[in-house]
Amino acid sequence: MSDKIRLLIVDDEEKFLESIAKRLGMRDFDVKTATRGAQAIEIARQEKFDLALLDLKMPGMDGKQVLEILKQEHKHIEVIILTGHGSVDSAVDCTKLGAFGYLPKPYELEKLLDTLQQAYQVRMEKKFQVDQERMDKIAKLATGSSPLAILRELKKLDDQEK
């Protein structure tokens, strides 16, 4: 198990993808890449990621569609859109769909790193809140239910996490 931040980067420009993956990999991110949206979704279904960095304009499934699916299927992932084709409307749309940030290409590495750090911090805060709520439910169960009722409720809580 790696102690690095798990990052999925999706961009159809292969040279750009290789370059940014290498730069972030040297900065202690555990990076996986995809050149197509559908490929990214499959990778994300097989592995867990903390963050995703998505290009907006791609052939086939675009970044907005990938964002929507990732946020539906992975409740703790934070997504940043990185695009050379940005507009105020697309930024608003992506934010409504749950994007943490929206950055232009070409990117400034320090700005990108800062945004990734902020997104990871928000992810951890949200996850901690969910974990705290689960612990509160377990504590409440343990103080007033039969052992069988506690087991049933614990099973429901466990199933929600899956």
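The values are calculated or read from the model by the stated rules, or taken from the named source; none is laboratory data. Keep in mind that this is a model prediction, so the values were computed, not measured. Glycine also receives a Cβ, built like all others from the backbone with ideal geometry; neighbour counts cover every protein chain displayed.
The single condition from (1) over 30 Å from Asp131 (Cα atoms); (2) small (Gly, Ala, Ser); (3) more than 16 Å from the chain's Cα centre (by Cα) that Gly25 fails is (1).
Scanning region 19-73 for residues that are β-branched (Val, Ile, Thr) and part of a loop (DSSP other than H, G, I, E, B) returns a single hit, Thr35.
Anything in region 13-26 that is within 22 Å of Tyr102 (Cβ to Cβ) and either out of contact with any helix residue (DSSP H, G or I) (no Cβ under 9 Å at 6 or more places or on another chain) or exposed (fewer than 13 other Cβ atoms within 10 Å of the Cβ) (or both)? List them, or say none. Write out each step before concluding.
We begin by selecting, within region 13-26, every residue within 22 Å of Tyr102 (Cβ to Cβ); these are 13, 16-17, 19-21, 23-24.
If the condition is that a residue be within 22 Å of Tyr102 (Cβ to Cβ) and either out of contact with any helix residue (DSSP H, G or I) (no Cβ under 9 Å at 6 or more places or on another chain) or exposed (fewer than 13 other Cβ atoms within 10 Å of the Cβ) (or both), then Glu13, Phe16, Leu17, Ser19, Ala21 are the ones that fit.
For region 76-104, the set of residues classified as more than 11 Å from the chain's Cα centre (by Cα) and in contact (Cβ under 8 Å) with a residue 40 or more places away in the chain consists of Leu82 only. Among the residues of region 74-84, those identified as over 20 Å from Val130 (Cβ atoms), touching a Leu at 6+ places or on another chain (Cβ under 6 Å) and not hydroxyl-bearing (Ser, Thr, Tyr) are Ile80, Ile81, Leu82. Restricting to region 38-48, give me the number of residues that are in contact with a strand residue (DSSP E or B) (Cβ under 9 Å, 6 or more places away or on another chain), farther than 16 Å from Phe16 by Cβ and small (Gly, Ala, Ser). Residues flagged as in contact with a strand residue (DSSP E or B) (Cβ under 9 Å, 6 or more places away or on another chain), farther than 16 Å from Phe16 by Cβ and small (Gly, Ala, Ser) within region 38-48 amount to 1. Taken over region 57-90, residues that are touching a helix residue (DSSP H, G or I) at 6+ places or on another chain (Cβ under 8 Å) and either within 15 Å of Ile20 (Cβ to Cβ) or hydroxyl-bearing (Ser, Thr, Tyr) (or both) amount to 7.
Among the helices (runs of 4 or more DSSP H) contained in region 74-162, which hold 3 or more residues that are surrounded by 13 or more Cβ atoms within 10 Å (Cβ to Cβ) and of a type in the set (Lys, Arg)?
Values: elements: 88-96, 109-142, 147-161.
Once the helices (runs of 4 or more DSSP H) in region 74-162 are filtered for at least 3 residues that are surrounded by 13 or more Cβ atoms within 10 Å (Cβ to Cβ) and of a type in the set (Lys, Arg), what remains is 109-142.
Give me the residue from region 1-18 that is assigned to a strand (DSSP E or B) and of a type outside the set (D, E, K, R) and, out of that set, modelled with the lowest pLDDT. Lay out the reasoning, then the answer.
The first filter runs over region 1-18 and keeps only residues assigned to a strand (DSSP E or B), leaving 5-10.
Applying the additional criterion that residues be of a type outside the set (D, E, K, R) yields 5, 7-10.
On the way: Ile5: 94, Leu7: 97, Leu8: 98, Ile9: 97, Val10: 97.
Per the stated criteria, the residue is Ile5.
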